[in-house]
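Encoded as structure tokens, the structure appears first; notes follow it.
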Amino acid sequence: MSTDRREFISGLGALALAELLGAAPRQPHFAPKAKRVIQIFCPGAVSHLDTFDYKPELLKRSGQPMPGGDKDVTFQGANGNLMRSPWPFVPCGQSGKHITAMLPHLAAHVDGMAFVHSMTTRSNTHGPACVAMNTGYVFEGFPSAGAWVTYALGSSNENLPAYVSIPDVRGIPPAGPANWTSGFLPAEHQGVSFNAAEPIRNLNRPAGLAESADTAARHFSGFLNAQHASRHPGDSDLQARIASYELAARMQLSAPEVSNLAAESKATHALYGTSHENPLLAAYARNCLLARRLVQRGVRYVQLYCASRASGVDGLLNWDAHKTLKADYERHLPILDQPTAALIQDLMSTGLLKDTLVLWTTEFGRMPTHQEGTLGRDHNPDAFTVWMLGAGVKGGAVHGATDDFGRRAVQDVTNVHEFWATVLHLLGLDYDKLSWYHNGINRRLTDVHGHVLKSLIA
């Protein structure tokens, strides 16, 4: 087949696929403040009481029974007395916001953060709660927030996925790919999972296949695939597979480039800590740097994990500190701190932060008491903290509050649906209009709920 004919057939295929798959950028409902999202997720349920939610009363009454808590039985059983954080909280920034002294690098960015201290969820089990935080539902099979965003806004690049999920080097989070699934949305909106340590699998051409033969076969199969897809327009799995093959061909050039962290300056690597003596911190740092390189090249939604699934030893691989909170968090907090702060600083320095929304999330909080017979904290779905920063966010804002001990959210209580309604609003999307008809009902990321948390918006 001649080169001209191959290019003609390839062009027909590309045009047909673009029309079928809606790969081009799409317009939001109204003028957006943010164009892209980086969502940092810390699986294992980060203790709000040892990070961002300062409770002086808990400090004063540590070691005493919690008032009204004598009959509290949580996920792993009975609870003991109130337990203060092992580390002091220090006032940070011009706002004087108190956060743990264990996050000195993130402390420098406190004035840009908008905190939600009254977050609640419907599950106290890691898998369903992780899925709920990422999809709005405790049951698997619903689209993730990244899938909804890319469905609504399309892709702003042709050579990389619109949605990338970056798992921690320690492994995938509880419930795994259910956290970045497309659910019942067209399958091309599922997140593509890879990190700095493990590039995209099966991407490169086999060593024994000539480039010319590979190109010719791809062009011809693209033409056939486009014809077949046009005869089956309702088959989103087929369309997604065709799109993935086309994207994979383009990514053979673009993916190695975006993953080439060696192209960054020594100063940038030092900022993130990519060569840190702690190999887990260095690995997370490289993932943070990869996240910046992805959004810089037009990836719409990046999900970045810090820690992984549960393990046989609580708190070893993630933030699930049931027994030895002090030792666990002295391992996890430094890993989170420097690279995350560097990512924020880098986004600021490159000008990306002005239209990038950064989210920090976890699945639920922890109890203000120690778990009976341990020096750890049990699960608490009734109160936890998340924060956002960047495009459209009112830096220094605080939404809601917990009680004196951080046991329950008591002021301006909110939930994951309102959190995502706010994120969609910042992206120029009306959460009430963003829906997909499935099994007899118009489904939304926010379910039947939702109010925008206006106190967080600049």
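The values are calculated or read from the model by the stated rules, or taken from the named source; none is laboratory data. Note that this is a predicted model, so its numbers are computed, not measured. So basically every Cβ, Gly included, is an ideal-geometry build from the backbone, and we count neighbours across all protein chains shown.
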(request) Kindly list, by first and then second residue, each pair from a residue in region 60-72 that is assigned by TED's automatic domain parsing to the domain that holds Asn380 to a residue that is of a type in the set (Gly, Ala, Ser) and at pLDDT below 95, limited to pairs with Cβ atoms under 8 Å and residues at least 6 apart or on different chains. (result) Asp72/Ala78
(request) Using the structure shown, decide if Ala327 is closer than 30 Å to Leu424 by Cα and either of a type in the set (Ser, Thr, Tyr) or in a helix (DSSP H, G or I) (or both). (result) no
(request) For residues that are in contact (Cβ under 8 Å) with a residue 60 or more places away in the chain and assigned to a loop (DSSP other than H, G, I, E, B), scanning just region 74-86, find the one that is farthest from the chain's Cα centre (by Cα). (result) Met83
(request) Please name all residue pairs, on different chains or six or more residues apart, with Cβ atoms under 8 Å, provided the first residue is in region 212-224 and is in the same structural domain as Gln239 (by TED's automatic domain parsing) and the second residue is outside any helix (DSSP H, G or I) and modelled with pLDDT of 75 or more. (result) none
